[in-house]
């Protein structure tokens, strides 16, 4: 079934994790703000790719999320970030790994979508950002007092998926990685088929959770295969996530099929999600499936 012409859909997530008491409101409001940013573009006829970038940039700018400002600190007490974004119309992918000194890694990833290269890392990603005129910053400008005090805590990826009025799909991710991670560590977030994927002929998905486990299982690719077999959205996500505990992790995922059906699931303690669509344009947010 193809999607109904003139219909848009957007889902965003703030990471599969366990929230501390007092973080609930910031997670909920942050996801709602991200959904509003993407909604404005989609309602005006903007592309799914631009809506995904706008939503993720909003999350990157908020310190409660582990992406951009407020990213986790690695073993050297430094910030290295990863992001990936994919255009379901062209299968264009842009991704950066272990990038430093940029406020919005997803913007750099978005600039790469039109390039031959798929993934740039570390200094190469930073040089590309500089050539494209993207604002750079000192790496310590991205650290927050909260992150600096969390010496043994892990945080997870943010992401978004969208379907625009022309039937195009997009998916994206962004993360500040794991607290205390080795320098140069890259998880699933910039890997197409791992933490995200989008294909107009199939669907779009964005995951969050244990990055190494998601990468080993190629979870996004599994979702694409399930959609091609006609599986319903939440059933497909749930089956994929059920494999994570066997390799030592948990997580959450959001997805849209090509026919516009959407859903989300998680097996982590919390998973902040917001959604909006042309059928129900005012964004709504949840902190776990139990709230839905």
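The values are calculated or read from the model by the stated rules, or taken from the named source; none is laboratory data. Note that the structure is predicted; figures quoted are calculated from it, not measured. Note that we place each Cβ from the backbone using ideal geometry, even for glycine, and neighbour counts take in every protein chain shown.
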Spans of helices (runs of 4 or more DSSP H) in region 38-134 with at least 2 residues within 15 Å of the chain's Cα centre (by Cα) and crowded, with 24+ Cβ neighbours inside 10 Å: 48-60, 105-112
Selection count where residues are touching a strand residue (DSSP E or B) at 6+ places or on another chain (Cβ under 7 Å) and more than 20 Å from residue 185 (Cβ to Cβ), scope region 54-84: 3
Any chance residue 193 is out of contact with any strand residue (DSSP E or B) (no Cβ under 9 Å at 6 or more places or on another chain) and either within 23 Å of residue 276 (Cα to Cα) or modelled with pLDDT of 95 or more (or both): yes
Cβ pairs under 9 Å, 6+ apart, first in region 116-145 and over 16 Å from residue 94 (Cα atoms), second assigned to a helix (DSSP H, G or I): 135/107; 135/129; 136/126; 136/129; 136/130
Residue ID - nearest to residue 13 (Cα to Cα), chosen from residues in region 196-212 that are at pLDDT below 95 and surrounded by 21 or more Cβ atoms within 10 Å (Cβ to Cβ): 209
